[in-house]
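Beneath this line is the structure, given in structure tokens, with notes to follow.
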């Protein structure tokens, strides 16, 4: 088991199991999961790599790019958009 998985709360573990089972997450789950992974110490590149690994199993790379998942993750890390650094929900 990877070290960051032990740092996730139960809700994060449940969301991660959904990702593993479906290879996709709905919007709020994706935001919550990404913020929890960020809080566990993963970089935005690591999170994007994890998501692309799973999401590309159920969609084409064109569909993946159109959904703008990279922008969404970079936005949570204050690298895009309003540049507000987001923290995990409590």
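What follows is calculated from the coordinates using simple rules that are stated; it is not laboratory data. Here the structure is a predicted model, which means the values were calculated and not measured. Reconstructed Cβ throughout: ideal geometry from the backbone, glycine too, with neighbour counts over all protein chains shown.
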Report summary line: Taking the range 51-70 and keeping only residues that are within 10 Å of the chain's Cα centre (by Cα) and either crowded, with 17+ Cβ neighbours inside 10 Å or under 17 Å from residue 28 (Cα atoms) (or both), one is left with 51, 69, 70
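Specify the residue that is nearest to residue 71 (Cα to Cα); the eligible residues are those in the range 7-24 that are within 11 Å of the chain's Cα centre (by Cα) and in contact (Cβ under 8 Å) with a residue 24 or more places away in the chain.
Looking at the filtered set, the residue picked out is 24.
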Query raised in the report: So how many residues does the range 72-87 have that are surrounded by 13 or more Cβ atoms within 10 Å (Cβ to Cβ) and either assigned to a helix (DSSP H, G or I) or without any contact (Cβ under 8 Å) to a residue 12 or more places away in the chain (or both)?
Result: 7
